[in-house]
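To start, the structure itself, in structure tokens.
The values are calculated or read from the model by the stated rules, or taken from the named source; none is laboratory data. The structure presented is a predicted model; accordingly, all values stated were derived computationally and were not measured. Glycine also receives a Cβ, built like all others from the backbone with ideal geometry; neighbour counts cover every protein chain displayed. Side chains are part of the model used for accessible areas, which takes the heavy atoms of the whole protein and leaves out ligands, DNA and RNA. Shrake-Rupley method; radii C 1.70, N 1.55, O 1.52, S 1.80 Å.
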Amino acid sequence: MAIKINIKRISLLGCIAVFCLCTAMRCKKADWMYEDIDRLEDAKVFVTLLPDKKIYNVGDTIFIEGKFLAKDFNMKDFSMISNGPWVSSFYFYSNDSKDVEYKYHKRFYNDTTLNNGQFSSDRLSYSFKKSYMLKLPGRYRIDYGVGRPWKAIDSQGNKIYSTLDIRILSGKKRPRGYSTDAIMYFTNNKKTYIEIEVQ
């Protein structure tokens, strides 16, 4: 009889322990969750392709640089922006592809060692500069990639090719912050992508 009671007690304690563990894990996960909010439609992120030429040669190095201002995001400063890196690699797609969504071929270019990006000391701006060496001839579309495919259309119904994902800290435990994005434009052509020819 005593053995049965002990087994019941151990089973009950085990159930309580599992329940507490699951609750703790759920709470911990919630503490790190970011809620999705609508795109920052008024925020325009501008980047520039340099040098600005009609035709490039194999072996040329191109630069993509940008500077984002907090006021362009309707923010006082970027102090509430998550510290993760903002800008990673731009994507090169072959325009020779017949597919609606161009095939991605990383072999068309090489990332070079230049990959600078940082907030200003007053957190009022973020600047970056990236470089790529062109390897193969052809026509290419360059864009940054849309982080949220279900929001790939702007307010005028145009397809968006580049958006900058942003995580804004909430300053409280739940939710930890908010995930959103802003449309990225090239100053060269005022579009969300740019096409180049390499010969």
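A compact table of results
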| quantity | calculated |
| --- | --- |
| Distant-in-sequence amide H partners of SER170 (H built 1.01 Å from N, under 5 Å) | GLY177, TYR178 |
| FRET efficiency, 1/(1 + (r/R0)^6) with R0 45 Å, evaluated for LYS172 and SER94 via beta carbons | 0.45 |
| Distance violations [Cα-Cα > 25 Å] among LYS67/LYS172; LYS71/LYS151; LYS151/LYS191; LYS151/LYS172; LYS71/LYS172 | LYS67/LYS172; LYS151/LYS172 |
| Relative packing of peptides 62-75, 152-165 - highest average C-beta neighbours within 10 Å first | 62-75, 152-165 |
| Efficiency of FRET from Cβ geometry, ALA152 and SER79, R₀ 22 Å, rounded to 0.05 | 0.15 |
| Residues LYS190 and MET33, FRET efficiency given R0 of 41 Å [Cβ-Cβ distance, rounded to 0.05] | 0.70 |
| Cβ-based net charge around SER79, under 11 Å, with every Lys or Arg adding one and every Asp or Glu removing one | 0 |
| Cα-projected label distance for SER121 with GLN199, points at 7 Å along beta-carbon direction, nm | 4.8 |
| Net charge, SER162 excluded, C-beta distance under 14 Å - Lys, Arg +1, Asp, Glu -1 | +4 |
| Ranking by accessible area, most exposed first, for ASP36, ASP181 with a 1.4 Å probe | ASP36, ASP181 |
